[in-house]
1. In segment B:12-54, what count of residues is obtained for those that are under 19 Å from the mean Cα position of the chain (by Cα), more than 14 Å from every other protein chain (Cβ to nearest Cβ) and modelled with pLDDT of 80 or more?
2. Any idea which of A:Q85, A:Q29 is within 16 Å of ligand 1 (Cβ to nearest atom) and either within 11 Å of chain B (Cβ to nearest Cβ) or open to solvent by 40 Å² or more (accessible area, probe 1.4 Å) (or both)?
3. Inside segment B:53-93, can you point out the residues that are of a type in the set (S, T, N, Q) and touching a residue at least 24 places away in the same chain (Cβ under 8 Å)?
4. Which numbered condition in (1) in contact with a Gly (Cβ under 6 Å, 6 or more places away or on another chain); (2) within 14 Å of another protein chain (Cβ to nearest Cβ) is the only one that A:L169 fails?
5. Which residues, taken from segment A:36-62, are farther than 17 Å from A:A197 by Cα, within 6 Å of ligand 1 (Cβ to nearest atom) and either part of a helix (DSSP H, G or I) or among the acidic types (D, E) (or both)?
6. Applying the selection to segment B:12-36, what residues are without any contact (Cβ under 8 Å) to a residue 60 or more places away in the chain and surrounded by fewer than 19 Cβ atoms within 10 Å (Cβ to Cβ)?
7. Looking at segment A:156-185, which of its residues are without any contact (Cβ under 8 Å) to a residue 40 or more places away in the chain, within 16 Å of ligand 1 (Cβ to nearest atom) and open to solvent by 10 Å² or more (accessible area, probe 1.4 Å)?
Amino acid sequence: MQPIISVSNLTKTYASGFKALNGINLDIQRGEIFALLGPNGAGKTTLISIICGIANLSAGKVEVGGHDINADYRVARSLIGLVPQELHTDAFESVWATVSFSRGLFGKPKNPAHIEKVLKDLSLWDKKDNKIITLSGGMKRRVMIAKALSHEPQILFLDEPTAGVDVELRKGMWEVVRQLRENGVTVILTTHYIEEAEEMADRIGVINKGEIILVEEKAKLMQKLGRKQLKLHLQGRLDTLPATLAPYHLELTEDGKELIYTYDTQSERTGITTLLSDLRDADIRFKDLSTTQSSLEEIFVNLVRTGA
Amino acid sequence: MNFSAVRAIYLFEMARTWRTLLQSVVSPVISTSLYFVVFGAAIGSRISEIQGVSYGTFIVPGLVMLSVLTQSISNASFGIYFPKFVGTIYEVLSAPVSYVEIVLGYVGAAATKSVILGLIILGTAGLFVPLHIHHPLWMLAFLVLTAVTFSLFGFIIGIWADNFEKLQAIPLLVVTPLTFLGGSFYSVNMLPSPWRTITLFNPVVYLISGFRWSFYEISDVSPAVSVGITFGFLAVCMIVVWWIFKTGYRLKN
Ligand SMILES: Nc1ncnc2c1ncn2[C@@H]1O[C@H](COP(=O)(O)OP(=O)(O)O)[C@@H](O)[C@H]1O
Ligand SMILES: [Mg+2]
């Protein structure tokens, strides 16, 4: 299937001479939720700004729905709704007026029923006549989402949608995104909260210092890079490990009460069975055991560290 | 052509005017009335007729132009500066609109306001002195042309300015002196000779002269030259705007 967004060899050098993006290649598939994950300053906002027409590209090519973003900007942009990172809203307009304005700006005929639906979905309906300046930060963020959705885009960009938003609102935002995907909207969100990517995304791209380090389906990423740890809680204390256990590269905690075995979930043999029998032979007894899988957070930190 | 976008921007800008009605309309009307009290009544009574017109009547076209010029610039420059300042410009930049549509929306609204304002001031002036307009259509044409041209000029200033000082600087340091020295309150022919020649480099002289001609058929320079100069300035502004959008100057990184 043809990707809905196709970025090739995209480079961005700011007027200051700073190279914020360096040869980005990225395809976004229709209907997916794609999380762009990266530390502050990685180039996430720059990438989005270029795709949406807010910044000029220095080199490379971007196509949205098969349309070049420069040569064919009208079609390309009409497919996109953008919710930028910063809260940029009007102040004295009503919620209804500002959302209707956005629809007009994107060249769509009036459709009060659609705007009503968007406002209701975002729990803004009872605020529709309020001036924006009177709303809380979380509500302003939702007004910006409503503006982006007012013209029925096929693609929605959410640049750090939950930065500085409290937990409850964050959950609400995730719900909105899931609903959008059910309606066939492609969602690209950036975040530096791993939790968010882990919770919502179908695919994850990791960006650091203007380069895409990796793009992978979330489940595969977890599998591929996910190592598991087996923790054995010992009955007694252990000072040193017997030599027979050396091949397992076990880790003994400082207090001598726990043994940690790290293994690869993907390999044919995890080595757990032989480890347990070797432990019995060495007469090491344990009272409990647990396993943990490394989170996306650890994977990410590892990637950025090794990629740097 | 994305007319719906032009309409959206235009109506948005006009709505801003209604919200700030006091600043937009009432204050220019008050200041114009003050000019009449000071120049027309107090000083004017001591000045004899100029080119067959009483002094109070003579200054009316100049006063209207004074307001139209300054208001066009301030409306249009603020109209585009503000979204840049608060960041809401992102939406216009990301929308499927061409620069012609953006300019039509912003400049159209600013020019509309100025024309309405000019007519209100004219009405106010009519309360102080008897008015007779020889060429009403030419008068309107001059009014609209000036409003459009200087709104476009203001639009450029609004894009160029990256702080409030710059936004104020051009109108204050350049435009106001030029308008005051542009023959609003006197005929250029009344000046001694070197000043008269120097004054002819002031484009505002041509605007006011042409505008006054449409009222009283008296002018410092030929009306055709006035129209020509105004169109020339309009063309320069258009080229600058075209360049701004082509390069993304001060709008896009
Ligand atoms: N207008 C600009 N001029 C120069 N450098 C910029 C500009 N905007 C952003 N940058 C730099 O580009 C890098 C990427 O920024 P950004 O895309 O905002 O990162 P992110 O959104 O991932 O935090 C940062 O180092 C930032 O300082
Ligand atoms: Mg960012």
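The values are calculated or read from the model by the stated rules, or taken from the named source; none is laboratory data. For clarity, every value in this text was computed on a predicted model and none was experimentally measured. Here Cβ is always computed from backbone atoms with ideal geometry, including for glycine, and neighbour counts include all displayed protein chains. The protein model used for the area step is the full one, side chains on, heavy atoms only, and it has no ligands, DNA or RNA in it. Shrake-Rupley method; radii C 1.70, N 1.55, O 1.52, S 1.80 Å.
1. 8
2. Working: A:Q29 fails: within 16 Å of ligand 1 (Cβ to nearest atom).
Only one candidate qualifies: A:Q85.
3. B:S54, B:T57, B:S67, B:T70, B:Q71, B:S72, B:S74, B:N75, B:S77
4. Only one criterion is unmet by A:L169, namely (2).
5. A:T46
6. B:A15, B:W18, B:R19, B:T20, B:L21, B:L22, B:Q23, B:V26, B:S27, B:I30, B:S31, B:L34
7. Of everything in segment A:156-185, just one residue is without any contact (Cβ under 8 Å) to a residue 40 or more places away in the chain, within 16 Å of ligand 1 (Cβ to nearest atom) and open to solvent by 10 Å² or more (accessible area, probe 1.4 Å), namely A:G164.
Rundown of residues vs (1) over 23 Å from A:E152 (Cβ atoms); (2) away from ligand 2 (no atom under 16 Å from the Cβ), yes/no style:
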residue	(1), (2)
A:A59	yes, yes
A:N70	yes, yes
A:R74	no, yes
A:V83	no, no
